[in-house]
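Bear in mind that the values in this text are calculations on the coordinates, not laboratory data. Keep in mind that what you see is a predicted model, and the values were worked out from it rather than measured. Ideal geometry is used to build each Cβ from the backbone, glycine not excepted, and the neighbour counts take in all protein chains shown.
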């Protein structure tokens, strides 16, 4: 301290090294973060499909026929609201599958309206 040099703070080189290390760590973590988001959406889709299919079966057990639309499940108070498809982020994108061999329309099954492919390689609209 005789020369009056007071060394408080960091040098530019030290700051650049720290920033480089942080950048490398972020670039390593980014793909894992993206996969975690996709896995969460897939889990949410599985849960929504399970609930919808369970409610359709309950409706069939109570009425002896399948509901005409998904909205009928809400009107009959089997659901509070039609769940949002986590991949398309829409309540109207569900693909409705009618019963086979039946001349009447109805909701026998539902699939996601997404054209994307899951992490395991299967299309979401085939789940």
### Task
Set the Förster radius R0 to 22 Å, insert the Cβ-Cβ distance between residue 115 and residue 40 as r into 1/(1 + (r/R0)^6), and round the FRET efficiency to 0.05.
0.65
## Note on the structure
Simple spin-label estimate for residue 122/residue 81, 7 Å along Cα→Cβ, in nm, reads 2.9
### Query
Angle between the Cα long axis of helix 12-63 and the longest principal axis of the chain, 0 to 90 degrees, nearest 10?
10
### Task
Once you have the Cα-Cα distance between residue 63 and residue 10, take 0.36 nm times their residue separation minus that, and quote the gain in nm to one decimal.
11.6 nm
### Message
Sequence gap at least 6, Cα distance under 8 Å: using those rules, report the relative contact order of the chain to the nearest whole percent.
### Response
18
### Summary
With Rg from the Cα atoms and Rh as the Kirkwood inverse mean 1/r over Cα pairs, segment 15-126 has an Rg/Rh of 1.22
### Query
Among 14, 71, 100, whose mean-square fluctuation peaks in a Gaussian network model of the chain (Cα, cutoff 10 Å)?
14
### Task
Work out the FRET efficiency for residue 95 and residue 74 from their Cβ-Cβ distance, taking R0 = 22 Å, and round it to the nearest 0.05.
0.75
